[in-house]
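Report on one structure; see the data block that follows.
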Amino acid sequence: MLLPCFRGVFAAAAVSIVCLTALFPHGSLASPKVLIIRGGPGTGGVNSPNDNQLSDIFNTTGNSDWVDFRLLLESQGYTVEQMIEGGVISTTDCTLEHGTPLDLAGMDLGQYDIIVFGSNNARYDQGGAAHIDAVEDYVLHGGAALFISDANWGRSWDDAPSSEQPFLDRFGLIMNQDRGTYAVSLAQGDFVAPAHPILAGVSAFDGEGVSPIRFSHTPPGMKTSRLVTARGGTRDNDGSCGTSNGQGTNRATDASDCALVVVEAGLGRVAGHFDRNTFFSTGGAGTELGNFDNTPLAINLFSWLCDAGSDSYASYAAALTGPDGFLDDGDGDALQNGMEYALGIDGNDGTGENGAAGLPTVTIAGSGGAARLQFDFAMAAPPRGDLTLRVEAGGDLGSWTVIAEKIGPAGWTGPAAVAEGAVTDGRRAISVEDIVTTLTASRRFARLVVEWTIAD
C-alpha cells in the first residue's frame, strides 16, 4: 500500500515523496551469536602470572572462569564463541607484556550480534586505526559491543583498560583501572535510570575489584545513558609500567563514573560494565552469577544488546514528543515521522532544515543534449538499517522506474549515477542523476520512496 507523505512541484519537474510500509521480518531466524574475546597465553595475572585469570568460557580451572556465564547465555538461546588473542609479546619489557591483537579489521564482524571485549589486553591501535574503525563501523551498522576490564586480565594494571580505550574513545567513554569491592543497588540510590530494561527485576548487583567506566562526552549522533553510578574510590588509567606496574592515580568516584553505562550509536549499541566477577561461575573469586541479581542483570544486558539494529525506528519514535507512529506527523510540519526518520530530520522540530527545507530538491544538471534531472537530498548517516530507500523516475505520475536503491547500510544499486557527499549534523548529502536526458524526455518526474521493514 502506497501512502503519500508529501508532494510538491519544483521548477519544471515534480517530486513525489512516498512512504511504503511492509510487514517483513527483520533479521535472521538463527540463534543470535556472541563472540567473547579472551586474552592470549601468558598474558593473565597482574601480580602473579596465571592464565586461569583470563576468564575462559570453557576451562573451569581456578575460580575466575566464565563457564557458567556461557551456559547461561546458551540457555537463553545464544550461540557463544570464544576467540583468543596471540601470546604475550615480551616477558622482559613491561611495555610489551600484553598479547597480540586479533585481526578485527579482516574479520566478518557482522556475523556476530554481540562482541564481548572480555580479557583482551592487546593494543589494537598500534600500527593504525583499522581495527578500531572496523569495530566502530560494526556498531554503527547494527552490531553491539560489551566492554569489561580487570587488572588480572593483564600482566600490568594498565594492560586491559588500555586495550579497550581506543574503542571506547569512539563512544565517549573512559575505562578506569581496577579498584574497590562493593554492591550497587536501587535502595542506595545508585540506579540513575531504574526504568531502563536492563534493570528490570534488578535491585542490586556486585563486583570485586571493579573497573568503573567514566562518561566523558556524547559524540555527535549518539545517545549515552548512565544507568548505575559507581561508589567509593577508583583508579584512573594514567600509570606507566615503570611505576607500580602501571597503577594509575587513586581518586574518589563522582557522578560520571559508572557501574553500568550504555551508548546508542547509529543502529548499534554499546555497554560498559564495571566488573568481570559479576559473571563468575559458582564459587568464583569475590562474587558470582548467583549473588544478588547478577543473573537477571546478565540476561537483561544481553537481551538489550541483542536488540541493536532490530527495530531502530522504535528508538527514534521513543524520543518524539508528539504522535509517534511511522505515518504520523509528530511535529505538525506536514512530513510524516517515517520520512523524517529516513532523512535524519528532528521529528520534534518542524522548522528550517527539520521541516520543508530539509526535503529533496530537483534541478537540471548539465546543458544541451547532456542535460538531465538531478535529484538531491540528505539522508540519515549512518543509514537506517530497517529502511529501504528508492529513487524512482518516470515520464508521468503513473509509471515509475527504480533508478537507484539502497537497502539498509548496503551501497546504492541501480542504473543511475549516485554521488555521496559529506556528512553534516548526522545527514549525508546524496545526488542522483536521472538515466535519461531532457533532450529525449520533455516531461520527467522523480520521487523518493521509503520502505520500512517492521521487526518481528
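Throughout, read-outs are computed from the coordinates displayed, never taken from laboratory work. Here the structure is a predicted model, which is why all the values come from computation and not from measurement. With ideal geometry, Cβ positions are generated from the backbone for all residues, glycine too; neighbour counts draw on all protein chains shown.
Less than 16 Å from a label point 7 Å out along the Cα-to-Cβ axis of Thr243: which backbone N atoms in the stretch 132-171 qualify, by residue?
Inside the label zone: 157-159.
Starting with the fewest neighbours, write out Asp254, Asp125 ranked by other beta-carbon atoms found within 10 Å of each beta-carbon.
Placing the least packed residue first, the sequence is Asp254, Asp125.
Which percentage, to the nearest 5, of the DSSP beta bridges contained in the chain is antiparallel?
On the way: 71 of 98 bridges.
The answer is about 70 percent antiparallel.
Less than 11 Å Cβ to Cβ from His98, Lys/Arg counted +1 and Asp/Glu -1: what total charge do the surrounding residues give?
Around His98, the charge tally is -3.
Among Val362, Val116, Val423, what is the fewest-to-most ranking by other Cβ atoms within 10 Å?
Val423, Val362, Val116
Mind ranking 298-304, 333-339, 207-213, 89-95 by how tightly packed they are, going by the mean number of other C-beta atoms within 10 angstrom, highest first?
On the way: 298-304: 19.9, 333-339: 21.6, 207-213: 27.3, 89-95: 12.6.
By packing density, highest mean first, the sequence is 207-213, 333-339, 298-304, 89-95.
What does the net charge come to around Leu146 if you take all other residues with beta carbon closer than 13 Å to its beta carbon, with K and R at +1 and D and E at -1?
Once positives and negatives cancel, what remains is -1.
Quick one: if the Förster radius is 56 Å, what FRET efficiency do Thr95 and Ser203 give, using the C-beta to C-beta distance and rounding to 0.05?
Working: r = 43 Å, r/R0 = 0.77.
Computed FRET efficiency for Thr95 and Ser203: 0.80.
If you average over every viewing direction, what projected area does the convex hull of the Cα atoms of the stretch 244-333 give, in nm²?
Averaging across all directions leaves 10.0 nm² for the Cα convex hull.
Return the distance in nm (one decimal) between the two label points of a simple spin-label model at Ser303 and Gln76, each offset 7 Å from Cα along Cα→Cβ.
Here the answer is 0.8 nm between the modelled labels.
Give the separation of the Cα centroids, the stretch 414-431 to the stretch 224-291, in Å.
For the stretch 414-431 versus the stretch 224-291, the Cα centre distance is 40 Å.
Report the Cα-based extents of the stretch 172-304 along its three principal axes, largest first, to the nearest Å.
Principal-axis extents of the stretch 172-304 (Cα, largest first): 44, 43, 25 Å.
Please compute P(r) over all alpha-carbon pairs of the stretch 287-341, binned at 5 Å starting from zero, and give each bin as a whole-number percent.
Reading upward from the zero bin: 4, 18, 19, 12, 10, 10, 10, 7, 6, 4, 1, 0.
Based on the Cβ-Cβ distance of Asp324 and Asp349, what FRET efficiency does E = 1/(1 + (r/R0)^6) give at R0 = 22 Å, to the nearest 0.05?
0.90
Can you tell me what percent of all Cα-Cα pairs in the chain are more than 29 Å apart?
Considering the chain, 52 percent of its Cα-Cα pairs are separated by more than 29 Å.
Could you list Ser225, Ser240, Ser149 in order of exposure, starting from the residue whose Cβ has the fewest other Cβ atoms within 10 Å?
On the way: Ser225 17, Ser240 14, Ser149 34.
By the 10 Å Cβ count, ascending: Ser240, Ser225, Ser149.
Please identify the DSSP H helices in the chain that span no less than 20 Å along the helix axis (Cα) and have a mean Kyte-Doolittle hydropathy of 1.6 or more.
Going by DSSP H runs, there are no hits.
Which ³J(HN,Hα) values, rounded to whole Hz and listed in residue order, are derived for the stretch 270-282 from phi using the Karplus coefficients 6.51, -1.76 and 1.60 in 6.51 cos²θ - 1.76 cosθ + 1.60 with θ = phi - 60°, glycine and proline given as x?
So the Karplus estimates, Gly and Pro as x, are 10, 10, x, 10, 7, 6, 6, 5, 3, 10, 5, 5, 3 Hz.
What order do you get for 42-51, 413-422 when each peptide is scored by the mean count of other beta carbon atoms within 10 Å, highest first?
42-51, 413-422
Would you please name the chymotrypsin sites (Phe, Trp or Tyr not before Pro) within the stretch 36-120 that are DSSP coil residues with at most 12 other C-beta atoms within 10 Å of their C-beta? Working shown, then result.
Values: sites: Phe58, Trp66, Phe69, Tyr78, Tyr112, Phe117; in loops: Phe58, Trp66, Tyr78, Tyr112.
Hits after loop and neighbour filter: Phe58.
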